[in-house]
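Undergrad: Just passing along the structure, written as structure tokens.
The values are calculated or read from the model by the stated rules, or taken from the named source; none is laboratory data. Source: prediction; values computed, not measured. All Cβ positions, glycine included, derive from the backbone under ideal geometry; neighbour counts span all protein chains shown.
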Amino acid sequence: MNFHLVPRPLLYVEAVAKHGSVQAASRALGIAASAIDRHIKSLEEANRAPLFERLPRGMRPTAAGEAMVVMARRWRSDAERLETDLQELRGQERGSVRIAAMDCLANGVLEELHSWLLDEHPHIRLNVDIVAPIDAARALDEGTVEVAMAFNMPRLRHQHVVWNQKLRFGCIVAPGHPLAREPEITLAKASGHALVSQSAILPTRQYLDNRHAWFFVENAPVLASNSLQLLKCALRQGGLAMITSELDVLPELQRGELLLLPLKDKGLVAPSISVVIDSRRPLSRAARLVSEFLVSRTTERLAEARGEPVTPKES
């Protein structure tokens, strides 16, 4: 993206918000601190509102400043889309695609997406923001990403759901775990075993806390983390169990490193996974390729993990 396509004052506000001070933004951008400070003060005078709180140890955006940062990010995304569109008009398969997704996809379909782009579309650049579902929905609405893929996406007015799939909830264990031979179990039976769990800030844990609070009260997890990779490492060591959806452990299920025991509790609502775009903004060809790959490859991987027939699709 050409530097001049995004107004300099917006770039300066974004940089100060990111780095915490005018001096730090100056070092990051290679622009004189006086120039950055002058542009920010001009914006504040024009808008009759402070954009930053001046604190003893730096600067923090006000509500007006946060709105300006969102505008800067949207402008940047629009500039990247314009660059991609112009390249496509010239017959070049180039461009940049920014997506929002969850951590559970990082060592699965996102890794496959990256490899596929390198092999089949090497001139398409991929930017991935790992965020919670609510933040993915917000980024899509603000226009800072083109495609979002997340659990139980909050429904906003201009969303268009490209694909949605119900997932299985289960108890995840290693093949040598005492529960491994059970065809299906209940939460009550799982609670008698040592557990690991996602942190309370993550959607799956929040759902369990809200609907089945007794589960963790009666058997506190020996390990809780917002790092899914750490939790899966602990599970692979054996002797531990975790309640989550199949998508969180899809690569490990396919490799036979972990097993999913379906839960038969009544009232247990499994999450759904969606690929979503914004209906107000046309997708570039590059973004369309990415969204189609996410849908087809995730559908295939889920079918394989469930032992269902896989319908071959061209990527």
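Undergrad: Of the residues L289, L253, only one is outside the structural domain of E184 (by TED's automatic domain parsing), buried (at least 16 other Cβ atoms within 10 Å of the Cβ) and of a type outside the set (S, T, N, Q); which?
TA: After ruling out the rest, the residue left standing is L289.
Undergrad: Name every residue in segment 182-219 that is of a type outside the set (V, I, T), closer than 13 Å to I172 by Cα and touching a residue at least 40 places away in the same chain (Cβ under 8 Å), in order of residue number.
TA: Across segment 182-219, the qualifying residues are E182, P183, E184, L187, A190, H193, A194, L195, S197, Q198.
Undergrad: While we're on this one: If you go through segment 190-214, how many residues are within 17 Å of the chain's Cα centre (by Cα), at pLDDT 90 or above and surrounded by fewer than 18 Cβ atoms within 10 Å (Cβ to Cβ)?
TA: 1
Undergrad: Additional query: Among (1) within 17 Å of R74 (Cα to Cα); (2) out of contact with any strand residue (DSSP E or B) (no Cβ under 7 Å at 6 or more places or on another chain), which single condition is A137 missing?
TA: So the condition that A137 fails would be (2).
Undergrad: Ok, one more. Starting from segment 130-145, take each residue that is farther than 14 Å from H160 by Cα and list its partners that are polar (S, T, N, Q) and assigned to a helix (DSSP H, G or I), counting only C-beta distances under 6 angstrom and pairs at least six apart or across chains.
TA: T144/S77
Undergrad: I would also like to ask the following. Would you pick out the residues in segment 171-183 that are in a loop (DSSP other than H, G, I, E, B) and surrounded by 12 or more Cβ atoms within 10 Å (Cβ to Cβ)?
TA: Passing the criteria: A174, P175, H177, P178, L179, A180, E182.
Undergrad: Further, regarding this structure: Consider only pairs whose beta carbons are under 8 Å apart and that are at least six residues apart or on different chains; among these, list those whose first residue lies in segment 220-247 and is at positive phi and whose second residue is crowded, with 18+ Cβ neighbours inside 10 Å.
TA: Listed by first residue and then by second, the contacts come to G238/A174; G238/H177; G239/A174; G239/H177.
Undergrad: While we're looking at this one, here's another question. So, of the residues in segment 97-113 that are assigned to a loop (DSSP other than H, G, I, E, B) and of a type in the set (A, V, I, L, M), which turns out to be modelled with the lowest pLDDT?
TA: A106
Undergrad: Inside segment 114-143, can you point out the residues that are among the acidic types (D, E), under 19 Å from the mean Cα position of the chain (by Cα) and either within 22 Å of R285 (Cβ to Cβ) or at pLDDT 90 or above (or both)?
TA: D129, D135 - these are the residues of segment 114-143 that are among the acidic types (D, E), under 19 Å from the mean Cα position of the chain (by Cα) and either within 22 Å of R285 (Cβ to Cβ) or at pLDDT 90 or above (or both).
For (1) surrounded by 19 or more Cβ atoms within 10 Å (Cβ to Cβ); (2) not in a strand (DSSP E or B), each residue gets a yes or a no:
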| residue | (1), (2) |
| --- | --- |
| L231 | yes, yes |
| P262 | no, no |
| L268 | no, yes |
| R281 | no, yes |
